[in-house]
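First up is the structure itself, then whatever we jot down about it.
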Amino acid sequence: MSAKKLLAVLIMATFASIAFAHKASDSFLYVDMDASEIRFDIALRDLALLVPLDANGDQRITGQELRAQRTLATQAVENAITLTGEQGVCKLRGLAWGLSSHSDGPYLATQYQVDCPNGELPEQIEYSLLFDQDSLHRGLVQITSGEAQSLAVLAPDRQTVDLAGGAAGPWSTFTTFLREGVIHLLIGLDHMLFLLVLVLPATLIIRRQSNQGTARSFKSRLLQLAGIVTAFTVAHSITLALSALNIVRLPIAWVETVIAFSIAAAALNVAWPFMGRKTWKLAFAFGLIHGFGFASVLGDLTGGVSNLALALAGFNLGVEFGQLGLLIIGFPLLYAMAHVRAYQRFIVPLILMGVGTVSLMWVAERAGAI
């Protein structure tokens, strides 16, 4: 097998594994310190990883199927959440259960009274649901104490949140969501592929310009790339804020489908610029849609939270830091490869073909959920 064929196989194998990567999941925990209550919402598709909900195997979970597994479902929830006070572990006393709706579909909602020893308030919450099955899973926590509300995130490496001080401070909220923004960008394969396709035109060398001695320098290409990234940043910042603030909300299934389609369209535009060569305009237009995708992480949790602006700012900056980190590493490598003849003739078309194939697979998969 020639080196080119071997490289083709490796790249296509990589894209094949990406195509089957699943979207990260989130659950929601609402802690009311004043009433000493907690509500927990988990997506039925996530709960199905722990409890056999789909009895007839039709890939759809009905209310009847959920009711039949109520005991196992609530046990799974209760085994994953531990609240403790100064005197020891608190007991969860069930108050209500049923279905709730979030932007990405139906959730099981359970509500509990938290009974701690000697009637004290809980000081800490520990959460471990799905971390063994899905390292990308997050528990998003909203804490209400008096008039104050704050946000926190539970993850495999941060399975506890301190409740003793009531609502967390602004800096804690900002840094928590700054980190989550970085993580969300790095695990958001669709956003990463879109970013890759936006970067590729800035790495291409037009041979006739090179022969005439007018080939664009690394600096000019970097400036071009800065304009593209800035346009994408401004666009998704606008819609991220509009969606998370509940000013404009779009069905997440439609958003995810359009995001997948935007990747395919952007890949095709590199080879055949049917939408024009002004890549920054393309980045801005599709960045508006990608912002709604980013907002799906916050929109179901942050309504009415006093320090929402800090959470949004931290998450958005985190996304940007993750994006810039990828560009700082990736663009110089691609620019260096651009001087190899095989890069433009072979590698770039193969990348575009792989990205286009994967994104169209995503379109078909996500359109089925509409």
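Since every read-out is calculated from the coordinates, none of them should be taken as a lab result. None of the values given here were measured: they were computed from a predicted structure. FYI the Cβ positions are ideal-geometry reconstructions off the backbone, even for glycines, and counts take in every protein chain you see.
Points worth noting:
- In sequence order, calculated HN-Hα J values of the stretch 138-143 (Karplus, 6.51, -1.76, 1.60; Hz; x Gly/Pro): 9, x, 9, 10, 10, 10
- Loop GluC sites (Glu not before Pro), the stretch 86-159 (other Cβ atoms within 10 Å of the site Cβ: 15 or fewer; DSSP): GLU86, GLU120, GLU147
- Near the amide H of HIS137, within less than 5 Å, lie the amide hydrogens of SER25, all on another chain or at least 5 residues away, with H placed in the peptide plane.
- When each of ASP34, ASP115 is scored by the number of other beta-carbon atoms lying within 10 Å, the sequence from fewest to most is ASP34, ASP115.
- Label zone at ARG60 (point 7 Å along Cα-to-Cβ), backbone N below 20 Å, the stretch 220-252: 252
- Value of D in µm² per second that Stokes-Einstein yields for the stretch 179-367, Kirkwood Rh from Cα pairs, at 25 °C (0.890 mPa s): 142
- Spin-label pair ALA271/GLN224, simplified geometry with 7 Å Cα→Cβ offset, distance in nm: 2.0
- Shown in residue order for the stretch 279-293 are the 3J(HN,Hα) couplings computed by the Karplus curve 6.51 cos²θ - 1.76 cosθ + 1.60 at θ = phi - 60°: 4, 5, 5, 5, 4, 5, 4, 6, x, 4, 6, 4, x, 5, x Hz (x for Gly and Pro).
- Amide H to amide H distances under 5 Å link GLU37 with ASP32, VAL114, where only residues 5 or more positions off or on other chains count and H is placed in the peptide plane.
- Each of SER135 and LEU360 was given a label point 7 Å from its Cα along the Cα-to-Cβ line. The distance between the two points is 3.3 nm.
- Between ARG341 and GLN124, the distance separating the two model label sites (each 7 Å from Cα on the Cα→Cβ line) works out to 6.5 nm.
- Two-site FRET efficiency, MET353 against ASP157, from Cβ-Cβ distance with R₀ of 30 Å, rounded to 0.05: 0.20
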